[in-house]
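First the structure, then my questions, so here it is.
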Amino acid sequence: MVLRGQVQDEHGQPLPGVQIELHETHQGALTDALGHFLLPGVRVAAYHLHVELAGYRPLARTLSLADSLKGKTSGADTLTLQLVLAEVRLELDAMRVEADKLKLEARRQSVAVFQADEQWLRRSRGSSLMHTLGAAPGFAYMSTGTGIAKPVIRGLAFNRVAVVQYGLRQEGQQWGQDHGVEIDPYDAQQVQILRGPATLVYGPEAIGGVVELLPGPEVPDHHLRTALEMGYQSVNRNRIVSGEVAAHRGRWVGRLRLSDQNYGDYYLPAASFTYNRFVLPLVDGQLKNTAGRERHAAGMLGYHGKWGHTHVHISSYDQEAGLFMGAVGMPTAYALRDDGNDRDVQLPAQHTRHYKVVSNTSLLLGRQWLDVDLGYQYNHRQELSLAHAHGRPAAGGSLAHELRLATLSGNIRLHHRWLKGSSGVVGFSGMQQQNRRDGFEFLLAPFQSWQIGVFAYQQWALCQDKLYLNGGARLDAGQLQVQSFRSYFIVNNRIDSTTQYVPALYKSFQNLSGSGGLSWFLRPWLNLKANVGTYFRFPQAYELTANGIHHGTFRHEQGDPALEVERGVQADLAVVVQRKMWAVSLTPFYNYFANYIYLAAMPEFSRLPDGDQVYRFRQSPAYIGGGELTADWHPGKHLHLGGAYMYLHGQNVRQYLPLPFMPPNRLQLEAELHGDTPFRWLKDLFFRLQWQKVDAQHRTDRNERATPGYTLLNLGMGCRVQVHGQALEWTFLLNNALDERYFHHLSRYRFLNLPEPGRNIVLQLRMPLEWKLPKPAGKSS
């Protein structure tokens, strides 16, 4: 059949250049000068239609062509649509990021969603992807220097937050604070952050939320698009080059990206620091051996047909990063001396590689859509250090840790309309993992595990699409098998094999969970969201069997094989007021754990030669409450004012102590002036000011350092320059403009009383190009 129509603004004027796309098949078109569009050869089924134009609120509409045709046969049938787009000034209101697994736009969801496009990411660029997202409401990060960071959502991290790319969860060694996210930051062109439990669809490791990385807009048919990005960051003299080539010709699409980063030791706004009452120097403010190199590659090849589409993604991540000497042992003045090379990587260091192959397929089965995601990931992590410094035989070489994690995972989702007046999804997910180890140090024993889950989700649209109700349930099962392990130490000049031992372990888990919620538009500009659900998380191999020195945290960490499934209940509420020129949202939440898993300080010291105090994994009732308040206002066409406040309160109910690793409360205000200039060669000029006040964090667990508050000022400006028909997009950022000396509460180097990096000048240049490809002979243009 043929799908055609016209797009107009609120005043009835036609809109040219509007992007029309059917989500399931990626069939698309641009409206002509009169706002008309035409999509021929559309099969009879249910579709999600996306309509987008810069400066207008994106329109998403669910089309059931079978209902529209009322039993007519397909072929010559035509469905005509009249679509209206509303003009907006709010940047985030002009973005469309869809919950891809459920194919729901943000307005229909009953949980809070933050979305960022490529422009927002460029204007907030940090030293890693997680640093970049640090300005998002409800979001924080744990860091190790400038190149390593992991996400924290509403106080939850590690295996409680899922990072999703290409439709599958990223699987590395998420349990480690010093283990970053193995994804090229320039390969993420859109990001959506789901705040709150998302276990129903994403699985047990999403009880805190989801960071989903999405590709940018597809290239129009018969077009070739390239982009070269170059950058520099002064705080560690980071040189960045990233290039992408994308093409669309007929039914075939493809994309290739290569990125390289080379950074040196980074700068601190201090001449010395105090560790264990020793004052140690920092030569020229440089933190020695924090340099690194990253090389990443990612490619995609896809085919689009009337039956659906299939995409195959292949990616490689390679990072080699030095670790400050004090991060794995006592820092000394000698180790801090300048060696004349601020870009070499010495011991200790880590080398992380992550390889991924994923296929995403969407098939039309009758009038229902079947989505299939299949993937294989291989995570290879090596930590290098000196064996004799940790009581090990010197013949052990420099390989302290080697972890090799192989993951095979998949999702199957059937989108259906079996119940009249509603839509639903039933699905299956599965994952199998095998972890191997090597090296003279020990933290995690070899293990094998598998998990499977089935779920059902249903949504009803009521009251003329003003009220959306949803509910679902999920059943999961899993098994974990850990091999026994014994390590050897030199104790009193003799080899001792009794000090570090992990017995074999076999455990199985099952859990049933569910959730329900609503999104209610009491007025077109007033949206109320509410969601209540149960959630769970299987204890990880590290939490069950760890038994070794975690040098980055200066403690002996021990697992507990008796740990049970972590369960809880969460209630979320959101009130969103959205007018044409301003918007306000309030998103409170309350998260209760019946048996929260955490590391507890024990009244004993390690028997290991290089050991310290023992910390053991325990379970206790706990809660985390808080919320986010955000506001955006456009008092004029070219002026944007915004603000956000994040509040968190976590408590161990049994111990009457605060939960560890809670981000401090944060207030953020920003102003941006943007617009075109009278000069034809200078467009999209912007000036930005961001002020951030972070409260002191005195609510800490036993032996967790309190952190003083601080205030940061960030500045930015940019423009698009037209030179001989070529657009050059410039961005200049001045982060920590006042060179404030401050401590990040969730930094690994906080244990060493080391402040965060100082003033950072970020320069970015982007050169996009696009060509129209010739069509095959015999086809009209």
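Excluding residues on the same chain fewer than 8 positions from Lys466, give the aspartates and glutamates whose Cα lies under 15 Å from its Cα.
Those aspartates and glutamates meeting the cut-off are Glu105.
Among the aspartates and glutamates, select those whose C-alpha is under 20 Å from the C-alpha of Lys775, and discard any that sit fewer than 8 residues away in the same chain.
Asp32, Glu218, Asp221
Write out the trypsin sites (Lys or Arg not before Pro) in segment 281-317 meeting two conditions: DSSP loop, and at most 16 other Cβ atoms within 10 Å of their Cβ.
Sites meeting the loop and neighbour criteria: Lys306.
Do the alpha carbons of any pairs in Lys356/Lys420; Lys356/Lys683; Lys150/Lys356; Lys150/Lys507 sit beyond 30 Å of each other, and which pairs?
Check vs 30 Å cut-off fails for Lys356/Lys420; Lys356/Lys683.
A further question follows. Which semi-axes, in whole Å and largest first, does the equivalent ellipsoid of segment 626-696 have when worked out from the alpha carbon gyration tensor as the square roots of 5 times its eigenvalues?
Semi-axes, largest first: 40, 11, 8 Å.
When Rg is the radius of gyration of the Cα atoms in segment 344-444 and Rh is its Kirkwood radius, what does Rg/Rh come to?
Ratio of gyration radius to Kirkwood radius for segment 344-444: 1.30.
Quick one: dipole size for segment 702-762, taken about the Cα centre, charges +1 on Lys/Arg Cβ and -1 on Asp/Glu Cβ, in debye to the nearest 20.
240 debye
Something else about it: Relative to the Cα centre, what is the charge dipole magnitude of the chain, using +1 at the beta carbon of each Lys and Arg, -1 at the beta carbon of each Asp and Glu, and rounding to the nearest 20 debye?
1200 debye
Then there is this: In terms of Cα to Cα distance under 19 Å, which aspartates and glutamates are near enough to Lys693, apart from those fewer than 8 places away along the same chain?
Counting by Cα, and skipping residues close in sequence, Lys693 has these aspartates and glutamates nearby: Glu628, Asp632, Glu670, Glu672, Asp739, Glu740, Glu756.
With viscosity set to 1.306 mPa s at 10 °C, what whole-number translational diffusion coefficient in µm²/s follows for segment 132-274 from Stokes-Einstein and a Kirkwood radius over Cα pairs?
In µm²/s, the coefficient is 92.
Determine the relative contact order of the chain: mean sequence separation of Cα pairs under 8 Å and six or more apart, normalised by residue count, in whole percent.
Value for the chain: 10 percent.
Another question, if that's okay. Got a number for the accessible area of Lys683? Probe 1.4 Å, square angstrom, nearest 10.
60 Å²
Which values of log₁₀ I(q)/I(0), to two decimal places, follow from the Debye formula for segment 673-781 at q = 0.14, 0.20, 0.22, 0.23 Å⁻¹ with a uniform point scatterer at every Cα?
So the normalised log intensities are -0.75, -1.04, -1.13, -1.18.
What's the long-distance tail for segment 619-746, i.e. % of Cα pairs beyond 19 Å?
Of all Cα-Cα pairs in segment 619-746, 63 percent lie more than 19 Å apart.
Using only the alpha carbon atoms of segment 189-241, find the Kirkwood hydrodynamic radius as the inverse mean reciprocal pair distance, in angstroms to one decimal.
Value: 14.7 Å, from the Cα pair sum.
Which of the GluC sites (Glu not before Pro) across segment 2-54 are loop residues per DSSP, with 11 or fewer other Cβ within 10 Å?
Glu10
Using the heavy atoms of the protein chains alone and a 1.4 angstrom probe, what is the accessible area of the chain per residue in square angstrom?
On a per-residue basis, the chain sits at 41 Å².
Give the whole-number value, in cubic angstrom per residue, of the convex hull volume spanned by the C-alpha atoms of segment 544-610.
Normalising the Cα hull of segment 544-610 by residue number yields 162 Å³.
Under the rule of -39500 (n - 2.57) per DSSP H run of 4 or more residues, summed and divided by the residues of the chain, what mean residue ellipticity at 222 nm is obtained, to the nearest 500 deg cm²/dmol?
About -500 deg cm²/dmol.
Moving to a separate point now. Given an 8 Å cut-off on Cα distances and at least 6 residues of separation, report the relative contact order of segment 648-781 as a percent.
18 percent
Taking segment 614-689, which chymotrypsin sites (Phe, Trp or Tyr not before Pro) meet the DSSP loop condition and have no more than 16 other C-beta atoms within 10 Å?
Of the chymotrypsin sites (Phe, Trp or Tyr not before Pro), the ones in loops of segment 614-689 whose Cβ has at most 16 other Cβ atoms within 10 Å are Tyr656, Phe679, Trp681.
Hey, another quick one. Rounded to a whole number, what % of the accessible area of the chain do carbon and sulfur atoms account for, probe 1.4 Å?
58 percent
With an 8 Å Cα cut-off and a minimum separation of 6 or more residues, compute the relative contact order for segment 342-457 in percent.
Result for segment 342-457 is 21 percent.
Among Gly421, Gln690, Pro561, which residue has its Cα positioned farthest towards the positive end of the charge dipole of the chain, with +1 placed on the Cβ of Lys and Arg, -1 on the Cβ of Asp and Glu, and the dipole taken about the Cα centre?
Comparing the listed Cα positions along the dipole, Gly421 ranks first.
Evaluate the Debye formula for the chain with equal point scatterers sitting on the alpha carbons, no solvent, and hand back log10 of I(q)/I(0) at q = 0.10 Å⁻¹, in q order, two decimals.
-1.09
I've got another one for you. Find how much the distance from Tyr506 to Val653 grows on full extension, using 0.36 nm per residue of separation minus their present alpha carbon separation; answer in nm with one decimal.
This chain segment gains 49.9 nm when fully extended.
The values are calculated or read from the model by the stated rules, or taken from the named source; none is laboratory data. A quick note: this is a predicted structure, and the numbers were derived from the prediction, not measured. Because the Cβ atoms are built from the backbone with ideal geometry, glycine has one as well, and the counts that use them run over all protein chains shown. SASA here: full protein model, heavy atoms, side chains in, ligands and nucleic acids out. Shrake-Rupley method; radii C 1.70, N 1.55, O 1.52, S 1.80 Å.
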